[in-house]
Amino acid sequence: MLESDSSKLVVLAAIDLNPGSTLVMRRAVELASTHRAGEVHVLTVVEPELPLGVYPGVVPSELEPPATQRTVDFCQQMLREITAHRTLEHVPSITVHTVVGWAQHEIVWLAAHLNADYIVMATHGRRGFRRLLIGSVAEKVVRLAGCPVIVVREKDHNAEWRIPEIEPVCPACAERRANTDGAELWCARHSERHVRSHVNHYTPRGEEAPHAWSSSTGT
């Protein structure tokens, strides 16, 4: 078993040159910059074309293997942008790797080969049949990798689920307000600092979004 080399920090950034790669590079560089001997290894994997008829309904990929220079140019541009907007404690070295193979296997293999401390990658959030057919590369890497995996993606919460919910008033607080004609708002428990808690439950089948069914204002 490989022993961790505490003299350096190795971060493997798996990118595909799609928009999510910007987040991956930024996170990888910032993470590696915290160590005086930080290294970022950038991996681009192009999956081989599948011959027709291997899997019914699967069309061979039309993606051509990207030129190594294109990945190098992308990394250099990202490093310039990152250092222009913030001062890094240490500027990490960057090494580019381009391979043809199955993404999850190549990412995990290179991480082990480099004895990487972290893997940083993006997820495209595929759902439905396409996800079942292709599978989630990020999910497989998280399951197979021998080091922590940081999965990044753009923040894009469902706006409909962000509608604020009105929490019920604590019965003891309601009684205190009634007895004091509103002069005192909180019961003895809630008049001091407390930790808020909120209880959610899974929605019945057929409902579109989860919602809180019960909550408390303190513990």
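Listed by first and then second residue, the pairs with beta-carbon distance under 8 Å, at least 6 apart or on different chains, first residue in segment 98-118 and assigned by TED's automatic domain parsing to the domain that holds L43, second hydroxyl-bearing (S, T, Y) and crowded, with 18+ Cβ neighbours inside 10 Å, are T98/T44; T98/T71; V99/T44.
Taking the criterion of being closer than 30 Å to L12 by Cβ and without any contact (Cβ under 8 Å) to a residue 24 or more places away in the chain, the residues of segment 144-183 that qualify are K155, D156, H157. Filter segment 108-125 for residues that are in contact with a helix residue (DSSP H, G or I) (Cβ under 7 Å, 6 or more places away or on another chain) and over 15 Å from S21 (Cα atoms) and give the result. Within segment 108-125, V108, Y118 meet the criteria.
Just to check your reading of the model, which residue among R143, R130 is at pLDDT below 90, surrounded by fewer than 14 Cβ atoms within 10 Å (Cβ to Cβ), in the same structural domain as R27 (by TED's automatic domain parsing) and not in a loop (DSSP other than H, G, I, E, B)? Steps first, please.
On the way: R143 fails: at pLDDT below 90.
Step by step, each of R143, R130 is checked, and only R130 is at pLDDT below 90, surrounded by fewer than 14 Cβ atoms within 10 Å (Cβ to Cβ), in the same structural domain as R27 (by TED's automatic domain parsing) and not in a loop (DSSP other than H, G, I, E, B).
Inspect all residues belonging to segment 150-172 and state whether any of them is touching a Cys at 6+ places or on another chain (Cβ under 7 Å) and either farther than 13 Å from I119 by Cβ or at pLDDT 85 or above (or both). For segment 150-172, residues touching a Cys at 6+ places or on another chain (Cβ under 7 Å) and either farther than 13 Å from I119 by Cβ or at pLDDT 85 or above (or both): present.
Only strands (runs of 3 or more DSSP E) whose full extent lies in segment 1-114 are considered here, and the ones with at least 2 residues that are out of contact with any Asp or Glu (no Cβ under 6 Å at 6 or more places or on another chain), surrounded by fewer than 20 Cβ atoms within 10 Å (Cβ to Cβ) and at pLDDT 90 or above are 93-100.
The values are calculated or read from the model by the stated rules, or taken from the named source; none is laboratory data. A quick note: this is a predicted structure, and the numbers were derived from the prediction, not measured. Methodologically, a virtual Cβ is constructed for each residue, glycine included, from the backbone with ideal geometry; neighbour enumeration extends over all protein chains shown.
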